[in-house]
1. Does region 74-86 hold any residues that are surrounded by fewer than 18 Cβ atoms within 10 Å (Cβ to Cβ) and free of Cβ contacts under 8 Å to residues at least 60 places away in the same chain, and which are they?
2. Against the conditions (1) assigned by the TED database to the domain that holds Ala16; (2) surrounded by 13 or more Cβ atoms within 10 Å (Cβ to Cβ), where does Ala33 fall short? Just the number, please.
3. Among the residues of region 114-139, how many are more than 20 Å from the chain's Cα centre (by Cα) and at pLDDT 95 or above?
4. Basic (Lys, Arg), free of Cβ contacts under 8 Å to residues at least 60 places away in the same chain and not in a helix (DSSP H, G or I) - does that describe any residue in region 126-134?
Amino acid sequence: MAVGRPREFDTEHVLAAAMRVFWAKGYEGATMADLSAATNLKPGSVYAAFGSKAGLFKQVTDHYAATVSTYGPVALLAPTVRDVARLWLQGAVDTTTGDDTPPGCLLVQSALATGDTAVEAKAELSARRHAAEEILTERFTRALADGDLPADADPRDAAVYVLSMSHGIAVQASTGATREQLRRLVELTLRKLPWE
């Protein structure tokens, strides 16, 4: 049985470099030439290692979730719905206004710049949005059972509200809003949440 040549590149480095390209340009805006230049890999090597641009994007979104956008799981551990919302939104601000990263959110930027022809990427982005909605809904459902969310509040609506605010923060950051401006927006949002 023939053994293939071992990879001659650091996968983490390649994913981090490709992540910056997708983050800055969105899925469709990122060309193979851009990705090759950033990763120092020839297009054939990208295809051999990741299967396709969509395959690379899938692994990049996994890398992004594991290394950059880590505030969600932390926020879910907060003791109250208000604290969950606060930590989620503050995390969105910090992630989308990093000093060493492109402004905005990789996932939101890609969702805004991915058309119907990019079926795999669109499905990946949709799955990630639904997953975030589900984990927030589950957390808010527990809060409802514990009496921390009012009885007339819908846990899914509350989850979608927090996600919508965090997506709005990402769009604002991508168009130049500063960390301080967005922190003030979070404080304004938290003055009174819709279900309070």
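1. Looking only at region 74-86, we keep the residues that are surrounded by fewer than 18 Cβ atoms within 10 Å (Cβ to Cβ), and these are 74, 76-80, 82-83.
Once the filter is applied, which keeps residues that are surrounded by fewer than 18 Cβ atoms within 10 Å (Cβ to Cβ) and free of Cβ contacts under 8 Å to residues at least 60 places away in the same chain, region 74-86 yields Val74, Leu77, Ala78, Pro79, Asp83.
2. (2)
3. Total meeting the criteria: 0.
4. Residues of region 126-134 that are basic (Lys, Arg), as a first pass: 128-129.
From what is left, the residues that are free of Cβ contacts under 8 Å to residues at least 60 places away in the same chain are 129.
Right, trim to not in a helix (DSSP H, G or I) and you get none.
No, there is no match, as no residue in region 126-134 is basic (Lys, Arg), free of Cβ contacts under 8 Å to residues at least 60 places away in the same chain and not in a helix (DSSP H, G or I).
The values are calculated or read from the model by the stated rules, or taken from the named source; none is laboratory data. These numbers come from a predicted model, not from an experiment. Glycine also receives a Cβ, built like all others from the backbone with ideal geometry; neighbour counts cover every protein chain displayed.
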